[in-house]
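Remarks on the structure that follows.
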Amino acid sequence: MKAFIVYCHPSDDSFTKNMCDSFIKGINDSGNEYIISDLYRMDFKSDITEQEYLRDANYLTTPDVATDVLAEHEKINSSDVIVFIYPIFWTEAPAKLVGWFDRVWSYGFAYGEKTMKELDKAVILCSAGNPLERLENFGLLDSMKKVMFGDRLFGRVKNTEFVLFDSTSRENISREANWDLNLKNAYEKGKNLFSDSKKEFSLEDRYFTAISNSDTGEVSDETIFAYHQKGNVIWAEYSGGSVIKGFLLGTIDENNNLRFDYRHINTDGESKSGSCNSQPRFENGKLRFYEKWKWTDGCEGTSVIEEL
Ligand SMILES: Cc1cc2nc3c(=O)[nH]c(=O)nc-3n(C[C@H](O)[C@H](O)[C@H](O)COP(=O)(O)O)c2cc1C
């Protein structure tokens, strides 16, 4: 199995470089392969040119993509898993990596008539100066995950994992205190990169849509559910079709059955709520949940949601 690592940090004198090295050592020790694009070392040109902009914005397959972009395409299509390793800069990836997406996610490769292979997994190993609580309390971590998984990697990878190494700024005493533990964690992530691809079931950052519903239901194939999971607690935000905005909150049991309450505002401006029991099934290579729901007024129905 082969991993393609997209590494982006301007200095070797950094936690992120050490973390990347530990991760690579883990891959080597697992007997698997990797290739790497070290974007600063390669001096990767991250500014999209006018010619590239006009090609992508007009959905054109001509002119041919530049050779440095083509080389990245080939690395992706020859790999099983893609890994992004970078520090957070102003609640984003460094500009060079953002520019990598501008150019490498070109028309005819990453969108349109795609030639990009669907990868088994995308893993993000990310260092942050701020502590986790601060990133979570302000919704910053969630925003970064949404941009990476809900946009850039959406529909392009089968599984995703976001690994955060927080409190790693130089003035934070946790940086030194947690240094060895963090590097060990990075090593383990590399070592288990392929073996744990069938890891513990989780609904974190997984997206679903309804593929069938009773007449009395309100969600449809225009409704998108963005699920999250922490321990046995699951929640999702949903919208689209006749739902303007909805939320659900509940639990998941050891057999991955869900029980949750939901509430949404529909396009008639009504506030609707109910409860639902939901059972998972893998069908046609996709995860589906078979749902039995009941509105608060007592009316019942069934629906099926399928992972996007
Ligand atoms: C320009 C710049 C912007 C940064 N912005 C953030 C940020 O928005 N959030 C955060 O948690 N850390 C931020 N940091 C801290 C980096 O993520 C930091 O580099 C990280 O703690 C890893 O340390 P390392 O550079 O030694 O690898 C920033 C650092 C720099 C240099």
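Could you list, in sequence order, all residues of the range 97-126 that are in a strand (DSSP E or B) and touching a strand residue (DSSP E or B) at 6+ places or on another chain (Cβ under 6 Å)?
Narrowing the range 97-126 to residues in a strand (DSSP E or B): 107, 111, 119-126.
Listed by number, the residues that qualify are L119, D120, K121, A122, V123, I124, L125, C126.
Kindly provide the set of residues from the range 144-181 that are within 11 Å of the ligand (Cβ to nearest atom) and surrounded by fewer than 17 Cβ atoms within 10 Å (Cβ to Cβ), ordered by number.
The initial filter retains those residues of the range 144-181 that are within 11 Å of the ligand (Cβ to nearest atom), namely 144, 164-172, 174-175, 179.
Residues satisfying the conditions are S169, R170, E171, N172, S174, W179.
Just to be sure before I move on: is T216 buried (at least 19 other Cβ atoms within 10 Å of the Cβ) and either within 16 Å of the ligand (Cβ to nearest atom) or touching a residue at least 60 places away in the same chain (Cβ under 8 Å) (or both) in the structure I sent?
Numbers: buried (at least 19 other Cβ atoms within 10 Å of the Cβ): no; either within 16 Å of the ligand (Cβ to nearest atom) or touching a residue at least 60 places away in the same chain (Cβ under 8 Å) (or both): yes.
For T216, the condition - buried (at least 19 other Cβ atoms within 10 Å of the Cβ) and either within 16 Å of the ligand (Cβ to nearest atom) or touching a residue at least 60 places away in the same chain (Cβ under 8 Å) (or both) - is not met.
Can we say L193 is in the same structural domain as L97 (by TED's automatic domain parsing) and either of a type in the set (S, T, Y) or touching a residue at least 60 places away in the same chain (Cβ under 8 Å) (or both)?
Working: in the same structural domain as L97 (by TED's automatic domain parsing): yes; either of a type in the set (S, T, Y) or touching a residue at least 60 places away in the same chain (Cβ under 8 Å) (or both): yes.
So L193 passes the test.
Of the residues E113, E133, which single one is among the acidic types (D, E), in the same structural domain as R55 (by TED's automatic domain parsing), within 15 Å of the ligand (Cβ to nearest atom) and modelled with pLDDT under 95? Show your work before the answer.
Working: E113 fails: within 15 Å of the ligand (Cβ to nearest atom).
Step by step, each of E113, E133 is checked, and only E133 is among the acidic types (D, E), in the same structural domain as R55 (by TED's automatic domain parsing), within 15 Å of the ligand (Cβ to nearest atom) and modelled with pLDDT under 95.
Can T216 be described as in a strand (DSSP E or B) and assigned by TED's automatic domain parsing to the domain that holds W295? Break it down into steps so the answer makes sense when it comes.
Details: in a strand (DSSP E or B): no; assigned by TED's automatic domain parsing to the domain that holds W295: yes.
The answer is no for T216.
Which of the following residues is modelled with pLDDT of 95 or more and either over 29 Å from T115 (Cβ atoms) or charged (D, E, K, R) (or both): K198, K245?
On the way: K198 fails: modelled with pLDDT of 95 or more.
One residue alone meets the criteria, K245.
Pick from A226, A177: which is touching a Phe, Trp or Tyr at 6+ places or on another chain (Cβ under 8 Å) and of a type in the set (A, V, I, L, M, F, W, C)?
Numbers: A177 fails: touching a Phe, Trp or Tyr at 6+ places or on another chain (Cβ under 8 Å).
One residue alone meets the criteria, A226.
Per-residue answers, yes or no, for (1) under 10 Å from the mean Cα position of the chain (by Cα); (2) farther than 29 Å from E307 by Cα:
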{"position": "L119", "(1), (2)": "no, no"}
{"position": "S127", "(1), (2)": "no, yes"}
{"position": "P131", "(1), (2)": "no, yes"}
{"position": "R152", "(1), (2)": "yes, no"}
{"position": "T160", "(1), (2)": "yes, no"}
{"position": "L164", "(1), (2)": "no, no"}
{"position": "R175", "(1), (2)": "no, yes"}
{"position": "N182", "(1), (2)": "no, yes"}
{"position": "L193", "(1), (2)": "no, no"}
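Taking interchain pairs and intrachain pairs at least six residues apart, which have beta carbon atoms under 9 angstrom, with the first residue in the range 247-270 and more than 22 Å from L287 (Cβ to Cβ) and the second outside any loop (DSSP other than H, G, I, E, B) and among the aromatic types (F, W, Y)?
From residues that are more than 22 Å from L287 (Cβ to Cβ), the pairs are R263/F247; H264/Y238; H264/F247.
List the residue pairs whose Cβ atoms are under 6 Å apart, where the first residue sits in the range 81-105 and is under 22 Å from G155 (Cβ atoms) and in the same structural domain as S143 (by TED's automatic domain parsing), the second is of a type in the set (K, R) and part of a strand (DSSP E or B), and the two are 6 or more positions apart or on different chains.
Partner pairs satisfying both residue conditions: V81/K121.
Which one of the conditions (1) within 16 Å of the ligand (Cβ to nearest atom); (2) in contact with a Gly (Cβ under 9 Å, 6 or more places away or on another chain) does K191 fail to meet, given that it meets all the rest?
(1)
Name the residues in the range 33-51 that are over 23 Å from the mean Cα position of the chain (by Cα) and not charged (D, E, K, R), would you? Walk me through it before giving the result.
The first filter runs over the range 33-51 and keeps only residues over 23 Å from the mean Cα position of the chain (by Cα), leaving 40-45, 47-51.
If the condition is that a residue be over 23 Å from the mean Cα position of the chain (by Cα) and not charged (D, E, K, R), then Y40, M42, F44, I48, T49, Q51 are the ones that fit.
Report yes if S275 is touching a Gly at 6+ places or on another chain (Cβ under 7 Å), among the small types (G, A, S), surrounded by 12 or more Cβ atoms within 10 Å (Cβ to Cβ) and not assigned by TED's automatic domain parsing to the domain that holds G150, otherwise no. Reasoning before the result, please.
Values: touching a Gly at 6+ places or on another chain (Cβ under 7 Å): no; among the small types (G, A, S): yes; surrounded by 12 or more Cβ atoms within 10 Å (Cβ to Cβ): yes; not assigned by TED's automatic domain parsing to the domain that holds G150: yes.
Taking the combined requirement at face value, the residue does not satisfy it.
The values are calculated or read from the model by the stated rules, or taken from the named source; none is laboratory data. Values in this document were obtained by computation on a predicted structure and should not be read as measured data. In this analysis, Cβ positions are derived from the backbone assuming ideal geometry, glycine residues included, and neighbour counts consider all displayed protein chains.
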